[in-house]
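Here the structure comes first, spelled out in structure tokens, and everything after it is commentary.
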Amino acid sequence: MNPVASPAITDDTIVVIVGTNRRNSLTRQIAHYYQQILDKHQADSYLLDLSGLPADFTVSALYENTGKNPEFNHYKDIVERARKMVFIVPEYNNSYPGVLKAFIDGMSYPSGLSNKKIALVGLSAGHQGGALALSHLNDIFSYLGSNTLALRVKLAQIKTYWKEGCIQHELYNELLHQQARQIMAF
């Protein structure tokens, strides 16, 4: 298998990460929407969709197999080169998806996520907007030495407000734009 060519990630590139490997997910649509917001603010961004991870990466790319899976290494390289990231995270079972934890575990330790600047966006079908998921994730990033923005955007009842490729909720849009400006300045 040929290694995948890595995109040009500069110090100014904000990597927007789709926090699930579910194909064609609403999370991916929200991540793309966030990328459009960054575009409106003239920020360079790159979308990293975990649905493209190799299906066997927890066996073929972690632990004693670190560095041996070129497809996973492509993802790892993007994250480790990025200085700023936005994680768009769906709520799964009152936390974040297991694939996201396994992906984070695949980064170089201890430096792969150290000193990264991170923004968090949670989404859920319920009333909490992934608040507990973002709290769990923030704990992990704190342990790894990452710096997360205080403003964590929680998009509760997202299926109600996602229409025709847009979020139809004034406060949600205001918060997303505010967070985008903050991660750019961070």
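The values are calculated or read from the model by the stated rules, or taken from the named source; none is laboratory data. Small disclaimer: the values here were computed from a predicted structure and weren't measured. Positions of Cβ are backbone-derived with ideal geometry, glycine not excepted, and every protein chain shown enters the neighbour counts. Heads up: the accessible areas ignore ligands, DNA and RNA and are worked out on the full protein's heavy atoms, side chains in. Shrake-Rupley method; radii C 1.70, N 1.55, O 1.52, S 1.80 Å.
Between Arg22 and Ala125, the distance separating the two model label sites (each 7 Å from Cα on the Cα→Cβ line) works out to 0.8 nm. Under a 5 Å amide H cut-off, with hydrogens placed 1.01 Å from N, Trp162 pairs with Gln168 among residues at least 5 apart or on other chains. Rounded to the nearest whole Hz, the Karplus-based 3J(HN,Hα) values (6.51 cos²θ - 1.76 cosθ + 1.60, θ = phi - 60°) of segment 74-82 follow the sequence 4, 5, 4, 4, 4, 5, 6, 7, 5, with x at glycine and proline.
Quick note on segment 89-152: its Rg to Rh ratio, both from C-alpha atoms and Rh being the Kirkwood radius, is 0.97.
Built from the Cα atoms of the chain, the convex hull projects on average onto 10.1 nm², one quarter of its surface area. If R0 is 41 Å, the Cβ-Cβ spacing of Arg83 and Thr160 corresponds to a FRET efficiency of close to 0.75. With respect to the chain, whose longest principal axis is taken over its alpha-carbon atoms, helix 170-185 is tilted by about 40°.
When only DSSP loop residues count, what chymotrypsin sites (Phe, Trp or Tyr not before Pro) in segment 39-119 have their Cβ near at most 12 other Cβ atoms within 10 Å? Taking segment 39-119 and a limit of 12 other Cβ atoms within 10 Å, no loop chymotrypsin sites (Phe, Trp or Tyr not before Pro) are found.
Per-residue ellipticity at 222 nm from helix content only, as computed over the chain with -39500 (n - 2.57) for each DSSP H run of at least four residues, stands at -11500 deg cm²/dmol. Extents of segment 144-186, largest first, come to 36, 21, 15 Å (Cα atoms, principal axes, whole angstrom).
Normalised by the number of residues in the chain, the average gap of Cα pairs under 8 Å and 6 or more apart makes the relative contact order 22 percent. Accessible surface computed residue by residue for the chain, with neighbouring protein chains in place and a 1.4 Å probe, gives 48 Å² per residue. On the basis of the beta-carbon distance and an R0 of 30 Å, Ser60 and His136 show a calculated FRET efficiency of 0.70.
The dipole here belongs to segment 81-159: it is taken about the Cα centre, uses +1 on the Cβ of Lys and Arg and -1 on the Cβ of Asp and Glu, and is about 340 debye. With the cut-off at 23 Å, tell me which of the pairs Lys117/Lys163; Lys117/Lys154; Lys116/Lys159; Lys117/Lys159; Lys76/Lys116; Lys68/Lys117 have Cα atoms farther apart than that. Violating the 23 Å Cα-Cα cut-off are Lys117/Lys163; Lys116/Lys159; Lys117/Lys159; Lys68/Lys117.
Both numbers refer to the Cα atoms of segment 1-103; Rg and Dmax are 13.9, 43 Å.
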